[in-house]
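Q: The structure that follows is given in the form of structure tokens.
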Amino acid sequence: MSVILEVRHVTTYLYARPVRFSTHRVLFRPRAAHDIRVLDAALEVSPASSVRWIHDVFSNSVALVDPIEPAAELRFTASFTIEHQGVLNHELPIAPEAELYPFTYSADEQIDLSGFMQMQYPDDSAAVREWAAQFQPPGAAMQTRELLARINEAMRRHFSYAAREAVGTQRPALTLQTKAGTCRDFALLMMEAARSLGMAARFVSGYIYDPALDRSESTPSSAQASRDAGGTLGSGATHAWLHVFLPGAGWVPFDPTNSLFGGTDLIRVAITRTPEQAAPVSGSWDGMAQDFLGMNVEVQVRRLDAAIVPTAMPACPAT
């Protein structure tokens, strides 16, 4: 059964005086496919800017934004409505040769997947390999999906979610040491763990729908209340998870923050090789360091009734 979801994402940068801006890359438009259909999408930018759209090396839709004049505030307001069909991990059969781990990709798959099989942090590889090895019985084969499910579930049970305002993703070794991190940290650690096991994995960023927020005001405080009550982690902000390539099933989603395996709650926007390539907004400005006063991010995700779904999908405006 499909659901209709609406997302509004506002990112605001504040400065002490008007400054000039370089081209900013904005990743917000969902990746449409057989399970997600984009019904409506819009991007508004203040101050007035020129906007052009491209596909990056991963075929993500990227808006290149060039603010025309200096300003003391730079604001991106992204909004979209999607129909989400939701494909569950367990409904996707794996090819017989990959049902049991360990398995080997075909020669063609190894060529196509090579960029997603190399570990990103070589210095952390020993710690990651040792941690990942505990989920497989010594000297015995096991179901490939079960192995990944064990890692996914272990992170949800034994790692603590801790929202962090600082930009970037912490190293996998630090996540293992502290047993804490953000959704981006958890996605990176499991991605590196899958790669250490010889599987191809890629980073996914987007949004997550929390039904609890439909029953209250969709504000940062209500999102925190939902997390405190043991609800969906990562709601009220951008979210991150990963895909692992399993022959026969293709790219399969895993959300170690919430121990999810797909469904209709994960709304993908960007798919990349590294977390840094999936930044929702990236760019620079020209001014003194003390001119920067801070930034604010607001994300709201809610479910819509079919009666109020947009009937047409306009092109993303160049505002």
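Bear in mind these aren't lab numbers, they're just calculated from the coordinates by the rules spelled out. Not measured: the values here are computed from a predicted model. All Cβ positions, even for glycine, are placed from backbone atoms using ideal geometry, and neighbour counts span all protein chains on display.
Q: Could you please rank S49, S259, S22, placing first whichever residue has the fewest other Cβ atoms within 10 Å of its Cβ?
A: Lowest count first: S22, S259, S49.
Q: Run the Debye formula on the Cα coordinates of the chain, all scatterers equal and no solvent, and tell me log10 I(q)/I(0) at q = 0.07, 0.09, 0.12 1/Å.
A: -0.29, -0.48, -0.86
Q: Rank-order 8-17, 162-171, 248-257 by packing density, defined as the average count of other C-beta atoms within 10 Å over each peptide's residues, highest first.
A: 248-257, 8-17, 162-171
Q: Moving on. Could you compute the FRET efficiency for R150 and D286, with r as their C-beta to C-beta distance and R0 at 41 Å, rounded to 0.05?
A: Efficiency, from the Cβ-Cβ distance: 0.25.
Q: Hey, in the GNM for the chain with a 10 angstrom Cα cutoff, which one of L64, L174, L293 fluctuates hardest?
A: Among L64, L174, L293, the largest mean-square fluctuation in the Gaussian network model of the chain belongs to L293.
Q: Under a Cβ-only charge scheme (Lys and Arg +1, Asp and Glu -1), can you give me the dipole magnitude of the chain about the Cα centre, in debye to the nearest 20?
A: Magnitude of the dipole: close to 300 debye.
Q: In nm, to one decimal, how far is the A162 label point from the E109 one, both placed 7 Å along Cα→Cβ?
A: Inter-label distance under the simple model: 3.8 nm.
Q: What percent do you get for the relative contact order of the stretch 77-205 when only Cα pairs under 8 Å and 6+ apart count?
A: RCO, the stretch 77-205: 30 percent.
Q: Which is farthest toward the positive dipole end of the stretch 65-116 among L100, L88, A72, measuring Cα position about the Cα centre, with Cβ charges +1 (Lys, Arg) and -1 (Asp, Glu)?
A: Farthest towards the positive end: A72.
Q: Starting from the alpha-carbon convex hull of the stretch 1-115, give the projected area averaged over all orientations, in nm².
A: 10.6 nm²
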